[in-house]
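Everything below concerns the one structure shown next.
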Amino acid sequence: MAKSKKKQRSILAKILRGILLIHLWFWGIIAALSLLYNFVNPPVTPLMVQRYIMRGHPIYKREYIKLEKIPQRTQEMLVALEDGNYYKHFGFELPMIKEAYQRNKKAGKIRFGASTLSNQLARTLYLTTDRNYLRKYLEVQATLIMEITMSKKRMLELYFNYVEWGKGVYGIETASRAYYDKSAAKLNKNQSMRMISILSNPIKYTPHTYAKSASARERMQFLERYF
């Protein structure tokens, strides 16, 4: 009996060591990439690969734009609509998390998120868009590491340049040239609002068809009210 318990403890210890080792590897990889991405732009992301393999979305030639060239008004629109406290929090909004948890519990599945811009960037750069608790668990860790190793400005720049803006369209500069045939630096107020409004469903809608989406119309109304 004693030998059996000792064997069980040994097995449990090995499992725990294995779990810790996996975490250490994950943390190390994310930390190394986050430090690297302070100076180097990612050549490709898991999101791009996922969309290409699972949905056949092409990866168009990407255009990169520095944050300082993106109109301040466009930056403010994105932050106000996606994450009003972006520059104040450390990656998470606890009240939003609690509310989303209660709503998902009531729905019986993951339908509602509480993602900050930091969370969205973490899964864009390092994970996938699959809705499950494992991805969310990894997303939390990746977000914390990014918040420690990157500045808010750099994270926002990466967000603007890697977030999905259409089928195979990644980044505001690529999207701006695709939809308006000009740089994001030259977007006017209305064009910027349309671009930001479709981020709720960029696969199905474009800046020209945003009015067909109830959520995009609601986002557009918010921007018109405050900008």
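Values in this text are rule-based calculations from the coordinates and carry no lab data. Not measured: the values here are computed from a predicted model. Backbone-built Cβ (ideal geometry, glycine too); neighbour counts: all protein chains shown.
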Checklist entry - So how tilted is helix 72-82 from the main axis of the chain? Cα-based, degrees 0 to 90, rounded to 10. => result 50 degrees
Next on the checklist: At a 10 Å Cβ-Cβ cut-off, how would you order R51, R154, fewest neighbours first?
Outcome noted: R154, R51
Next on the checklist: If I model a spin label at K186 and E76 as a point 7 Å from the Cα along the Cα→Cβ vector, what separation in nanometres do I get?
Outcome noted: 2.4 nm
Item to check | R9/R131 FRET efficiency (R0 41 Å; Cβ-Cβ; nearest 0.05) | outcome: 0.65
Checklist entry - Taking the Cα atoms only, what angle lies between the long axis of helix 2-36 and the longest principal axis of the chain, rounded to 10 degrees? => result 30 degrees
Item to check | Residue order, fewest to most surrounding Cβ atoms within 10 angstrom, among S213, S10 | outcome: S10, S213
Checklist entry - So what's the gap between the Cα centers of the stretch 140-212 and the stretch 61-86, to the nearest angstrom? => result 8 Å
Checklist outcome for this item: For the chain, the dipole about the Cα centre with charges only on Cβ (Lys and Arg +1, Asp and Glu -1), to the nearest 20 debye, works out at 1140 debye
